[in-house]
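Student: Sharing a structure below in structure tokens format, with a few things to ask.
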Amino acid sequence: MKTLIILAHPDIAGSRVNRRWKEEILKHADKFELHELYSLYPDFKIDVTKEQKLLETHDKIVLQYPLYWSNFPPLLKKWFDDVFAYGWAYGTGGTKLNGKLFSLAISAGAKEDMYSKDGIEGFSLQEVLSPFKATLNFVGAKPMADFASYGFLLGASDEDVENSAKEYIDFLLKL
Ligand SMILES: Cc1cc2nc3c(=O)[nH]c(=O)nc-3n(C[C@H](O)[C@H](O)[C@H](O)COP(=O)(O)O)c2cc1C
């Protein structure tokens, strides 16, 4: 079974990092199924049944996105609100995500040490991601390792982007 990679970038054409990561994913079409939320739902009208079916037919799911205000881009947040529905993800009969494995793959503008207690963000990235981990607990899903690559606002070179793409594909292949 392929790993489902849900990519949520509001401007993939203008992206440096996620666009490069996407190119690497597409080289491994036998292993990964890429699902781009912003190209599928530019009007934010998510096909909930289709998204639920997609999750039901995959066991490993990676959510790939650029960190926006220490959070998801808005369409990915809406995806949770719409797709993780009562009677499907939680509540009576809501068991469809039980045991599913989720991972986050994040590009960040900040440097790694900024996401720490003493850094400008004041929290570690794992602390920032804790609402997502709480969501996984609530729906009975399990976290896998996450991937994060930092420093893309502050003078990252083309080489940095290339290195991050190599690290990301290595991470995905070992997941
Ligand atoms: C609206 C907005 C909010 C952002 N907020 C954060 C943030 O909270 N933390 C951070 O590290 N980077 C933040 N960034 C920087 C992006 O995460 C960074 O530019 C992106 O990951 C680079 O990937 P890309 O080339 O694929 O767009 C923000 C960027 C935008 C446009």
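A short reminder: the numbers here are calculations on the coordinates, not readings from a lab. Here the structure is a predicted model, which is why all the values come from computation and not from measurement. Neighbour counts run over all protein chains shown; Cβ positions are idealised from the backbone, glycine included.
Student: Conditions first: (1) touching a Gly at 6+ places or on another chain (Cβ under 8 Å); (2) loosely packed, with under 14 Cβ neighbours inside 10 Å; (3) under 19 Å from residue 73 (Cβ atoms); (4) not polar (S, T, N, Q). Residue 131 passes all but one, so which condition is the exception?
Tutor: (1)
Student: In addition: Would you point out which residue out of 173, 101 is buried (at least 16 other Cβ atoms within 10 Å of the Cβ) and closer than 30 Å to residue 55 by Cα?
Tutor: Of 173, 101, the one residue that is buried (at least 16 other Cβ atoms within 10 Å of the Cβ) and closer than 30 Å to residue 55 by Cα is 101.
Student: Could you grab me the full set of residues in the stretch 136-146 that are free of Cβ contacts under 8 Å to residues at least 60 places away in the same chain and under 19 Å from residue 25 (Cβ atoms)?
Tutor: Matches in the stretch 136-146: 145, 146.
Student: Quick test of your reading of the structure: residue 71 fulfils all but one of (1) more than 17 Å from the chain's Cα centre (by Cα); (2) surrounded by fewer than 16 Cβ atoms within 10 Å (Cβ to Cβ). Name the failing condition by number.
Tutor: All conditions pass for residue 71, except number (1).
Student: Looking at the stretch 15-44, I want the residues that are at positive phi and have a partner that is of a type in the set (A, V, I, L, M) and in a strand (DSSP E or B) with Cβ atoms under 9 Å, at least 6 apart or on another chain. Which pairs are those?
Tutor: From the stretch 15-44, no pairs qualify.
Student: In addition: Taking into account only those residues within the stretch 1-42 that are part of a loop (DSSP other than H, G, I, E, B) and among the aliphatic types (A, V, I, L, M), which is farthest from the ligand (Cβ to nearest atom)?
Tutor: Among those that are part of a loop (DSSP other than H, G, I, E, B) and among the aliphatic types (A, V, I, L, M), it is 1.
Student: Separate question: Report, by residue number, each residue of the stretch 45-57 that is hydrophobic (A, V, I, L, M, F, W, C) and free of Cβ contacts under 8 Å to residues at least 12 places away in the same chain.
Tutor: Hits for the stretch 45-57: nothing passes.
Student: Taking the residues in the stretch 44-66 that are surrounded by 17 or more Cβ atoms within 10 Å (Cβ to Cβ) and aliphatic (A, V, I, L, M) as candidates, determine which candidate is farthest from the ligand (Cβ to nearest atom).
Tutor: The extreme case among them is 55.
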